[in-house]
Amino acid sequence: MPNQNKNSKSYSADDVAYDNIYYENYNGSAYGRSPEWLSFFDKISENIIKLLSPKTVLDVGCAYGLLVETLRDRGIEAFGLDVSEYAISQARYDLQRYLFVDSILKPINGRYDLIVSIEVIEHIEEKDTGTVINNMCNASDQILL
């Protein structure tokens, strides 16, 4: 899994900077719908399905929705949530209706068989981590970090 961007910072609901510059320089290289990233998320999707067999999945911090894309392409009812309007706008067009701009600091609507959150918790201010964990646990019995 890629390492955290050394230039990344924690965010609060009022302080968001996950724009094109962040994604163009993610951990020293570009993040996007490249073969490398699609392959990375394809393998994660394959393992999620094989090991956990969820019917519904929420990807918290979904960025461009690559995990949602690879899960939906396998028939899983997947959705994504991200704080960045820019990131959501970069998702595959047919998947954008399954992706939502919102903060994980707010309660999650609905219940899911599985909530996945990759490279997100380390961006949350320490004082807000309990809220984030509670929000995820209230929306699913299975959390994959």
Seminar exercise, completed: Loop-resident trypsin sites (Lys or Arg not before Pro) in the range 50-111 with no more than 14 other Cβ atoms inside 10 Å, DSSP not H/G/I/E/B, are 55, 74, 111
Exercise. Roughly how big is the range 50-92's charge dipole about its Cα centre, with Cβ charges of +1 (Lys, Arg) and -1 (Asp, Glu), in debye to the nearest 20?
Worked result: 240
Exercise. Residues in the range 72-107 near a label at residue 143, defined as backbone nitrogen under 14 Å from the 7 Å Cα→Cβ point?
Worked result: 104-107
Exercise. Once fully extended, how much extra length lies between residue 39 and residue 111, figured as 0.36 nm per residue of separation less the alpha-carbon to alpha-carbon distance?
Worked result: 23.1 nm
For this session: Find the accessible area per residue for the range 62-129; the probe is 1.4 Å, ligands and nucleic acids are left out, and the unit is Å².
Result: 47
For this session: With a 1.4 Å probe and all protein chains in place, put 125, 46, 69, 85 in order of accessible area, largest first.
Result: 85, 46, 125, 69
For this session: Could you work out how far the C-alpha centroid of the range 42-106 sits from that of the range 124-145, in angstrom?
Result: 17
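The values are calculated or read from the model by the stated rules, or taken from the named source; none is laboratory data. All figures in this text were calculated on a predicted structure; none of them were measured in a lab. Reconstructed Cβ throughout: ideal geometry from the backbone, glycine too, with neighbour counts over all protein chains shown. Only protein heavy atoms, including side chains, enter the accessible area calculation; ligands, DNA and RNA are left aside. Shrake-Rupley method; radii C 1.70, N 1.55, O 1.52, S 1.80 Å.
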